[in-house]
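What follows is a set of notes on a single structure, which appears directly below.
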Amino acid sequence: MAIFYNTATLTYNGGTTNSNTVAGELVGDVTVTKEAFPDTYTTGEDVTYTVSICNNGTTPVTDMTVLDNLGLYTSTATNPDTGTPLQVFPLTYVDDSVSYYVNGELQTPPVPTKGTDGITFAGLSLPPNECVMLIYHATVNSYAPLVDAQGAQVQILNTVFVSGTGMAQTIAEASIFASQGPEITITKSLTPEVVSVGDEMTYTFIIQNTGTTALTAADNTSITDMFNPKLSNITVTLNGRLLTATGAEPDYTYTEGTGAFSTTAGRITVDAATYKMNTDGTYTVSPGVSILRVKGTVNELTPAP
């Protein structure tokens, strides 16, 4: 489909005046739509793309090809040899991920070929009054933009080009947007891993933020745990700073009799990640990190119910 515009010109006594501009939409016999799920992304995430093609005319389409450009864009990084901007793919097609449907019936899928302009599904046909659908997966790779120079949200614009005998080339687009806000993971470890009653043991919690926004006190973040074996005489630190369980506003609570531990909501904060574009056009993410450590003396192990 295409949008067209038209303006008339009136000439009189050597003068001219233009009419208003009218707009319309030219709809071809073959329609193409493209959808993405989810519509936000982080590096390493899989995205599902659905391309639907319908022939609403009376002429069959043969030798149809579907070219997906995998979000190809011009990077601000340059080729060190030529000084020209790099053309990069922020998406990587997942091999053998395509499903192919004709009028809703699953068919043997075409095998795509990879080229300098993306991936191509070839050899398809589309009789009149029929629809085909391609569903496939792509992984967001390290070429995916994460923030722009002003720190604003960016996107991957993915375009599909459909052409064949009996139709004009038709395109469809789908955008996904870089996730905004904190992106938090937590990892727990203990040292030493082999202990006896009366030994000292330390639990370490590493909280990482790969998102564009810091985790602040207003996010009311809290870590809860049920230590088994129970610990006594614990000391708790956050990023090297000693936390206390006393006073009007304690940093954490701990019950030695049950092993129940919890930090007070809002005590844990984590800086936003920082992003750097490398000379090859890839992005490096340095996450914000906070480290909570709980050290204590090992008591008896509570038996499993």
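The values are calculated or read from the model by the stated rules, or taken from the named source; none is laboratory data. Just so you know, these numbers come straight off a predicted model, no measurement behind them. When we count neighbours, we look across all protein chains shown, and the Cβ atoms used for this are built from the backbone with ideal geometry, even at glycine.
Filtered by the rule that a residue be more than 30 Å from Pro90 (Cβ to Cβ), in contact with a Pro (Cβ under 9 Å, 6 or more places away or on another chain) and buried (at least 16 other Cβ atoms within 10 Å of the Cβ), segment 265-304 gives Val298, Asn299.
In segment 150-182, the qualifying residues are those that are of a type outside the set (A, V, I, L, M, F, W, C) and farther than 28 Å from Gly44 by Cβ, and the one that is nearest to the chain's Cα centre (by Cα) is Thr170.
Within segment 32-56, if we keep just the residues that are of a type outside the set (S, T, N, Q) and over 30 Å from Val147 (Cβ atoms), the residue that is surrounded by the most Cβ atoms within 10 Å (Cβ to Cβ) turns out to be Ile53. Among residues that are touching a residue at least 12 places away in the same chain (Cβ under 8 Å) and closer than 24 Å to Val154 by Cβ, Leu70 is included. Meeting the requirement of 2 or more residues that are at pLDDT below 95 and within 23 Å of the chain's Cα centre (by Cα), the strands (runs of 3 or more DSSP E) wholly within segment 55-140 are 73-78, 85-88.
Is it the case that segment 51-65 has a residue that's among the hydroxyl-bearing types (Ser, Thr, Tyr) and closer than 29 Å to Asp280 by Cα? Looking for residues that are among the hydroxyl-bearing types (Ser, Thr, Tyr) and closer than 29 Å to Asp280 by Cα, one finds none in segment 51-65, hence no.
When restricted to residues that are closer than 22 Å to Asp29 by Cβ, surrounded by fewer than 19 Cβ atoms within 10 Å (Cβ to Cβ) and of a type outside the set (D, E, K, R), segment 57-76 contains 6. Considering only segment 239-305, give the strands (runs of 3 or more DSSP E) lying wholly within it that have at least 3 residues that are more than 37 Å from the chain's Cα centre (by Cα) and touching a residue at least 24 places away in the same chain (Cβ under 8 Å). The strands (runs of 3 or more DSSP E) meeting that bar are 288-298.
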